[in-house]
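The values are calculated or read from the model by the stated rules, or taken from the named source; none is laboratory data. Since the structure is predicted, the reported quantities are computational estimates derived from the model, not experimental observations. All Cβ positions, even for glycine, are placed from backbone atoms using ideal geometry, and neighbour counts span all protein chains on display. Each accessible area value is taken on the protein alone, full model and side chains, heavy atoms only, with ligands, DNA and RNA left out. Shrake-Rupley method; radii C 1.70, N 1.55, O 1.52, S 1.80 Å.
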Amino acid sequence: MWILLLVSVLVLAYVVVGYPLLLRLIVAVRGPRHVRQEDITPTVSFVISAYNEAAVIRAKLENTLAINYPADRREIVVISDCSEDGTDGIVAEFAARGVRLLRQTERRGKTAGLNRSLPLLTGDIVVFSDANAMYEPDALRKLTRNFADAEVGYVTGEARYMVTGQAIADEGERAYWDYEMDLKRLKTRIGSMVGGDGAIYAIRRPLWKTLPEDAINDFLNPLQIVEAGWRGVYEPEAVCYEDTSGAFKSEYKRRVRIVSRSWRAVFQARGVLNPFRVGLFSWCLISHKVMRWNAGVFAAVGAVAALTLIVESIVWWPVPALAVTVASVALATLTPRGRRAVSMASYFAVINAASFVGILKGSVGKVSGVWATPRAHAGSAGLLIAVGPLFLVGGTLAASVVILGAKVLGLRMTAVAFWGSLFALLYVYVLYPLVLSLVRVFARRPIKVDAIEPSVCLFIAANDEAGVIGAKLENALALDYPADKLEIVVASDGSVDGTNEIVARYAERFGSRVRLVAQSPRRGKIAAINRGLNTVSAEIVVFSDANTFLDRHAVRALVRNFASEDVGCVSGDVALIGDRAQLAKSEDLYYQYERWLQHAESDIGSMIGADGALYAIRRQLFTPRPDDTILDDMAIPMAVVRAGGRVVFEPEARAQEPGVESAREEFARKTRVVAGAMQFLSRPDSSVPLSSPQVILSLISHKALRWMSPAFAMVVFLSSVTLAGAGGFYHYTVVSILQAVVLILGLAGCVPALRRLAPIGLSHYFCLVQAAAAVGFIKGLSGRQSVLWRRFMRPHASHSET
């Protein structure tokens with residue numbers, strides 16, 4: 001294992017550090033190999049490959065026409081790979097200005113389009129460009145001046161990444177390409193650089209060879225040119241600008257596609273592997289590309305070897321060291337410099353993983369010449385982490401490490417179970433809030449608010465709400481928001497008590513301001529939401545329950561947060577009112593604690609989920625959830641997070657709704673929530689972008705571990721009783737007694753009159769919530785929780801209707 005670890009570390013060190021140092025040494029010893037340059041103007045064919053580039057093609061063509069190069073010595077050709085979004089129509093508008101469109105009648109990929117189009121070109125030099133690459137005015141002249149050197153067969157310019165993205169992948173991608181540019185300069189100085197850049201590179205037209213349609217043209221064709229005895233050089237002053245892919249997921253897919261085809265290209269131009277034919281180019285190809293693509297394999301082997309050595313040597317210190325490292329990385333991402341460092345490390349990890357997958361696909365022939373633009377992936381915030389499986393696997397590994405450590409140190413397993421579970425409870429209810437408080441001080445993320453007035457839909461999902469729906473509509477119609485910008489939609493889920501008729505009368509009275517979307521038979525709340533939102537075109541959707549009554553300014557308070565472009569969802573502050581003497585104080589304390597956590601999470605990033613009684617989202621970020629989804633107010637906001645938006649808390653968006661009036665109602669509600677939580681964790685709904693570490697931490701700490709608290713409490717109780725009975729330390733006895741007292745007081749709370757006593761009321765509520773969580777846990781795992789929400793009897797609200 002030591003040998004495997006040593007070899008892996010040495011290979012990685014050579015690829016990342018040793019190879020660039022050797023390049024510098026060779027240049028220093030031999031001197032740089034110069035390129036003859038002259039201000040020449042050969043005829044140029046400027047080729048733009050495009051597929052569904054309507055968003056950028058107009059700007060690209062204007063940029064190309066503005067390039068400083070004689071118009072009579074260049075032609076501009078757009079090769080459309082059967083675009084379907086209006087790209088071709090935009091290009092046709094430029095025909096009178098000398099732009100030619102060559103359209104493929106079926107989608108066959110970029111290389112197929114080039115194979116078909118190159119024989120139709122007239123320029124001595126062919127310049128290849130992407131549709132989103134914007135050139136500096138002198139870029140063509142800087143490229144072509146290198147062809148004054150009779151040995152040069154292709155020239156690659158410098159693609160710079162614009163500093164406009166906010167995704168965590170941006171920093172890593174820019175850092176990676178800065179590193180790549182340095183290598184290109186060094187390789188040019190010793191002979192030829194490896195490969196081209198699809199955004200900006202040029203070749204002598206006679207050097208183009210027809211390529212396999214699944215080949216990557218800007219890698220295979222340059223290899224063929226070097227194989228034929230020509231040089232390929234880098235021109236750093238020929239500059240273009242383009243956006244980064246902006247998300248790990250997009251970059252991962254792009255990298256897999258590039259490496260799978262590049263790996264095959266190495267063996268399609270085998271002459272470049274012969275150092276007696278192409279000299280140092282073979283060494284550069286193997287060191288810079290082949291070994292780099294396999295770096296992920298060496299990293300994985302090294303990690304496995306290191307882990308094996310740790311386990312075999314039974315060394316305990318790496319466990320807390322790893323925990324401290326993980327915590328440090330999580331905290332680092334909350335600062336700009338920390339995010340940059342983590343993003344760079346994450347980006348290198350992503351491209352290495354993608355390279356490994358790309359090699360596998362290339363080796364078995366699973367490659368495609370068809371490409372999608374980075375803009376096709378704009379709806380994603382990056383590489384997703386499935387928190388549910390992560391929680392399960394991580395918990396299992398943590399438990400295994402603890403058990404292993406306990407055996408090595410000779411500890412009693414019962415004591416380990418006691419202290420581990422007690423720590424988990426302490427972390428969930430005490431330490432995690434303390435961590436939030438600390439981070440909130442040093443890494444608060446501001447929210448831009450402004451008095452904006454986007455179009456809004458107040459969306460009310462209802463089932464048999466005749467007792468309150470009239471008052472709800474009166475409340476909605478009285479909101480302080482422009483009437484022509486506020487639509488009220490009631491999505492009735494199989495109501496049979498007259499709800500639909502009441503809404504219909506309001507729709508007749510107020511016209512388009514009130515609308516009914518009824519579904520029958522009853523299918524559940526999320527099904528009503530999915531169906532209803534298909535009819536909504538407003539910019540902002542405000543979700544509210546039928547028995548939730550909004551303050552006049554609540555909608556304005558919600559929407560002002562959408563002035564911040566990164567905000568995708570806003571949750572309001574709903575106060576519980578009514579005759580709740582049985583559970584009021586305990587429930588209020590619980591909700592005050594929850595509101596504080598939500599506010600703190602919002603201040604440093606995103607809160608987890610939203611209050612289903614009142615929250616708003618950008619309509620464009622809504623994606624339908626499966627009809628059997630139980631927790632819509634968790635699934636919908638988390639989909640916003642996956643799309644790159646923040647979920648924030650707005651304390652000024654106030655509303656009131658009746659609290660629970662019986663312990664039975666609260667038990668049923670908590671059971672449903674935890675059952676829905678188990679469903680949520682078992683589905684892709686729990687996936688979170690790797691670029692949102694705070695959300696991952698909060699989802700695990702605030703929700704997943706909280707939902708597991710009944711299990712931790714049970715383990716603490718049983719283990720403390722066992723240890724106390726076996727003559728353990730006195731603190732086990734103390735804990736046992738304290739838990740027994742809480743249980744006794746909780747049972748005493750079953751008598752309604754006794755709940756008015758604070759100790760009994762709090763203990764009763766705590767036990768009720770824990771018991772409900774345990775039942776919900778079982779229901780959620782077994783799939784026995786119905787998607788149909790249960791409505792308890794509500795008193796009629798006073799309202800007027802016509």
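Divided by 2.2 N^0.38 Å, where N counts the residues, the Cα radius of gyration of region 1-136 comes to 1.53.
Which aspartates and glutamates, if any, have their Cα less than 14 Å from the Cα of LYS525, not counting same-chain residues under 8 positions apart? List returned: ASP464, GLU465, ASP493, ASP545, ASP627, ASP628, ASP632, ASP633. Between ASP72 and ALA96, the simple label model (points 7 Å from Cα in the Cβ direction) yields a spacing of 2.3 nm. Under 16 Å of direct C-alpha separation, and excluding same-chain neighbours fewer than eight residues apart, LYS448 reaches these aspartates and glutamates: GLU565, ASP566, ASP603, GLU650, GLU652. Distance between the 7 Å Cα→Cβ label points at LEU10 and ASP124: 5.1 nm. Within the straight-line cut-off of under 20 Å between alpha carbons, the lysines reachable from LYS209 are LYS110, sequence neighbours fewer than 8 places apart in one chain being disregarded. Each label point was placed 7 Å from the Cα along the Cα-to-Cβ direction; for TYR590 and GLU508 their separation is 4.3 nm. A probe of 1.4 angstrom, applied to the heavy atoms of all protein chains, finds LEU434 with accessible area near 100 square angstrom.
Ordered from largest to smallest accessible area (heavy atoms of protein chains, 1.4 Å probe), the residues TRP419, TRP230 come out as TRP419, TRP230. Residues GLU235, GLU38 ordered from highest to lowest accessible area at a 1.4 Å probe: GLU38, GLU235. Accessible surface computed residue by residue for region 528-573, with neighbouring protein chains in place and a 1.4 Å probe, gives 32 Å² per residue. In the complete set of protein chains, residue-level accessible area for ASP627 is approximately 60 Å², probe 1.4 angstrom.
A simple packing score, the average count of other Cβ atoms within 10 Å per residue, orders the peptides 519-525, 609-615, 711-717 as 609-615, 711-717, 519-525, with the highest score first. Each Cα pair under 8 Å and six or more residues apart adds its separation to the average, and for region 453-499 the resulting relative contact order is 63 percent.
Accessible surface for VAL456 stands near 0 Å², nearest 10, in the context of the full protein assembly shown (1.4 Å probe). What the Cβ-Cβ distance of ILE3 and GLU38 gives, at R0 = 35 Å and to the nearest 0.05, is a FRET efficiency of 0.05.
Suppose accessible area is computed on protein heavy atoms with a 1.4 Å probe; arrange LEU426, LEU486 from highest to lowest.
Listed by decreasing accessible area, they come as LEU426, LEU486.
With no solvent and one equal point scatterer placed on each C-alpha of region 516-636, evaluate the Debye formula and give log10 I(q)/I(0) for q = 0.17 Å⁻¹, two decimals. One equal scatterer on each Cα of region 516-636 leads to -1.01. Under 1.5 on a/c is rounded, so check that first for region 592-713, then, if it is not, pick prolate when a/b is larger than b/c and oblate when it is not; a ≥ b ≥ c are the square roots of the alpha carbon gyration tensor eigenvalues. Rounded, because the longest to shortest axis ratio a/c is under 1.5.
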